[in-house]
Amino acid sequence: MPNPIRPLWDRLAPLPGGKRLFSTLLGRMAPYTGTIRPSILELRPGYARVEMRDRRRVRNHLRSVHAIALMNLAEVSSGLALTYALPDDARAILTGLSIEYLKKARGTLTAEARLEPPDTNEKREYEFESVIRDVDGDVVARATARWLVGPTG
């Protein structure tokens, strides 16, 4: 099955409300990802910028964004940057995710993942970084996602 992310983004993103619709559809395709209501701002091969608004549902008892919501944001940004760029005969699955929390996360947060995507479906693990910043541009968390890429089927 060909990569569904790339054609869907390419078709919807240029349209009015298209990025919002893509973000909603992504949340339905991956229900747990949808719990943080990610807003996909930019997506191209090897790059994703994803925003998450601060709201009660993603907060902890310390009045900051919950650690696992931040981890979810890091996963979706690295996964989109990778998945968008994969060859049609390849797929990826997350095999590990580590995160370092550097500052209490409050307000709207933006995760950026930049990576050198594989150009083959050869079975191999890759590690990619996702950096999460607050509205002031301060890094609140830095995550490393380990993805196993391999052939479809």
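The values are calculated or read from the model by the stated rules, or taken from the named source; none is laboratory data. Model, not experiment: these values are computed from the prediction. As a convention, Cβ positions derive from the backbone with ideal geometry for all residues, glycine included, and neighbour counts pool all protein chains shown. In case anyone asks, the SASA skips ligands and DNA or RNA and just uses the protein heavy atoms, side chains included. Shrake-Rupley method; radii C 1.70, N 1.55, O 1.52, S 1.80 Å.
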Simple SL model, points at 7 angstrom along Cα→Cβ for Glu127 and Thr24; separation in nm is 3.9
Around Glu42, which amide H atoms from residues at least 5 apart in sequence, or from another chain, sit under 5 Å from its own amide H, with H modelled in the peptide plane?
-> Arg49
For the stretch 1-105, the per residue accessible area (1.4 Å probe, Å²) is 55
Partners for Lys104 among aspartates and glutamates (Cα-Cα distance below 15 Å; same-chain residues under 8 apart left out) = Asp54, Asp134, Asp136, Asp138
Out of these labelled values of Cα extents along the principal axes in Å, (i) 49, 43, 25; (ii) 60, 32, 16; (iii) 44, 35, 25, which was calculated from the coordinates shown here?
-> (iii)
Restrict the search to the stretch 1-78; then list the trypsin sites (Lys or Arg not before Pro) that DSSP places in a loop and that have at most 16 other Cβ atoms within 10 Å of their Cβ.
-> Arg53, Arg55, Arg63
Whole-Hz Karplus couplings 3J(HN,Hα) for the stretch 83-88, θ = phi - 60° and coefficients 6.51, -1.76, 1.60, Gly and Pro as x, run 4, 4, 8, 5, x, 4
The relative contact order of the stretch 1-74, taking Cα pairs under 8 Å that sit 6 or more residues apart, comes to a percentage of 19
Accessible area in the full protein assembly, largest first, 1.4 Å probe, for Leu80, Leu97 | Leu97, Leu80
Please build a GNM for the chain, connecting alpha carbons under 10 Å apart, and tell me which residue among Met29, Met71, Met52 fluctuates the most.
-> Met29
The stretch 68-117, relative contact order in percent, only Cα pairs under 8 angstrom and at least six apart counted | 60
